[in-house]
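Encoded as structure tokens, the structure appears first; notes follow it.
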Amino acid sequence: MIIRMNKKKKLIISHIADVDGVSAVILAKLHYEDIDYCLVEISELESLIEKLIDERIYQDYDKIFITDLALRTKTLELIDANDELKKKIKHFDHHITELSQAEKYSFVNVQNEKNGKLVCGTTMFYDYIKDDFKYKSAYLDTFLEAVRSYDTEGPLCGNQYANDLTTLFNLIGIDNFISKFEQGIKNKKDPLTDDDQRMIDTENRRMEDYINQCDNNLIKIELNGYNVGVSISELYRSSVGNQLSLRHKELDYILIINFMRNQFSLRTVKDGIHVGLIAKSFTPLGGGHEKASGMPINIDTLFILDKVKEGLAERENIRILNKNSN
């Protein structure tokens, strides 16, 4: 969780884990001079809303934006019970598994596509501010499309600049990313330098090696009727998931375990598999898109680790048998 709260007039709460969540903050900082921001994991949102209510912090703000974050049941109930708070909230979420919430709560805004294109949290927020946004440019259009295409289609989106932004985000960290692209959009030109590109190219080669290692260590299990490949990975979750799904056509989806984030990520390139609905079937805190989703490691999902342990033992037994037979 990153909190930058100095009792300004507006607050934006967004997703900490990717370029989409952080880019909405960049646009908000450029558009509003009087805005604070918080970046959180989805699992941290409820505790942040509780803090805003319990300490009456929400009363310091005339508007509170929530972007790229699905509102889970407990969080929805906390907001809905506070008439003053829910009138201040502007919500911008694009996770298809949450569309039904928009029908139940007046402050929920979930949009999956516009003009035949999938949207993301950043583009939804930009649509809200764009009439008065001062920094429109060809570069801004390029940046927004890169954020949208990667967030909705992943590393296989075909937009190299989108992939480069995500690689740089992971390399330089959130604060540096915000500062660099805030200046880039303000100056109406790409802020990537030759040194940035060399760093990105080096990291892309490292990522390819990492994906190969993940492939070599892949664990295969059956999970609720699906054939699943499991990778215990701390890095490059979308690239790892998409590449392993491409390589292993026999698998329905890839499950990535990230103990640092206390998170499962699900990825697939296979038609007819909706990992957003699969994640939500495991726990109410799961959800996402058709090809990319996530869920916390919690009491609902702990049993998956037991299944992975069994799959790991089976994989190692097979390796031992193969080694002995050779």
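If I go through the range 259-271 residue by residue, how many of them are closer than 18 Å to ASP151 by Cβ and either touching a strand residue (DSSP E or B) at 6+ places or on another chain (Cβ under 8 Å) or not assigned by TED's automatic domain parsing to the domain that holds ASP306 (or both)? So the answer is 5. With respect to the conditions (1) surrounded by fewer than 19 Cβ atoms within 10 Å (Cβ to Cβ); (2) without any contact (Cβ under 8 Å) to a residue 24 or more places away in the chain; (3) assigned by TED's automatic domain parsing to the domain that holds LEU302, ARG206 falls short on a single one, namely (3). The set of residues in the range 202-245 that are out of contact with any strand residue (DSSP E or B) (no Cβ under 9 Å at 6 or more places or on another chain) and closer than 18 Å to ARG315 by Cα comprises ASN212, GLN213, ASN216.
Just checking: which of the strands (runs of 3 or more DSSP E) contained wholly in the range 1-51 hold 1 or more residues that are within 12 Å of the chain's Cα centre (by Cα) and touching a residue at least 40 places away in the same chain (Cβ under 8 Å)?
Details: elements: 2-4, 10-15, 35-40.
By residue number, 10-15, 35-40.
Counting only residues that are touching a Lys or Arg at 6+ places or on another chain (Cβ under 8 Å) and surrounded by fewer than 19 Cβ atoms within 10 Å (Cβ to Cβ), which one in the range 154-191 is nearest to LYS270 (Cα to Cα)? Per the criteria, the residue is ILE172.
Of the residues in the range 240-256, not one is charged (D, E, K, R) and either touching a residue at least 40 places away in the same chain (Cβ under 8 Å) or assigned by TED's automatic domain parsing to the domain that holds ALA17 (or both).
Here LEU30 does not fit the description of being assigned by TED's automatic domain parsing to the domain that holds LYS186 and either buried (at least 20 other Cβ atoms within 10 Å of the Cβ) or modelled with pLDDT under 95 (or both). Pairs meeting the criteria (first residue in the range 274-287 and over 17 Å from SER43 (Cβ atoms), second residue surrounded by 20 or more Cβ atoms within 10 Å (Cβ to Cβ) and of a type in the set (Val, Ile, Thr), beta carbons under 7 Å, at least 6 apart or on different chains) are VAL275/THR268; LEU277/THR97. Residues PHE169, PHE181, PHE177: which one is closer than 24 Å to ILE232 by Cα, in contact (Cβ under 8 Å) with a residue 60 or more places away in the chain and either among the hydroxyl-bearing types (Ser, Thr, Tyr) or out of contact with any Asp or Glu (no Cβ under 6 Å at 6 or more places or on another chain) (or both)? Being closer than 24 Å to ILE232 by Cα, in contact (Cβ under 8 Å) with a residue 60 or more places away in the chain and either among the hydroxyl-bearing types (Ser, Thr, Tyr) or out of contact with any Asp or Glu (no Cβ under 6 Å at 6 or more places or on another chain) (or both) holds for just one of PHE169, PHE181, PHE177, which is PHE169. All of (1) at pLDDT below 95; (2) in contact with a Phe, Trp or Tyr (Cβ under 8 Å, 6 or more places away or on another chain); (3) in a helix (DSSP H, G or I) hold for ILE318 with one exception: (2).
Filter the range 59-89 down to residues that are without any contact (Cβ under 8 Å) to a residue 40 or more places away in the chain and either more than 24 Å from THR283 (Cβ to Cβ) or β-branched (Val, Ile, Thr) (or both), then give me how many there are.
11
Hey, can you tell me all the residues within the range 267-326 that are surrounded by fewer than 17 Cβ atoms within 10 Å (Cβ to Cβ) and under 27 Å from THR73 (Cα atoms)? Residues satisfying the conditions are LEU277, SER281, PRO284, ASN298, ILE299, ASP300, LEU302, PHE303, LEU305. Among the residues of the range 303-326, those identified as closer than 14 Å to LEU255 by Cβ and not charged (D, E, K, R) are PHE303, ILE304, LEU305, VAL308, GLY311, LEU312.
The values are calculated or read from the model by the stated rules, or taken from the named source; none is laboratory data. No experiment lies behind these values; they were computed from the predicted model shown. As a convention, Cβ positions derive from the backbone with ideal geometry for all residues, glycine included, and neighbour counts pool all protein chains shown.
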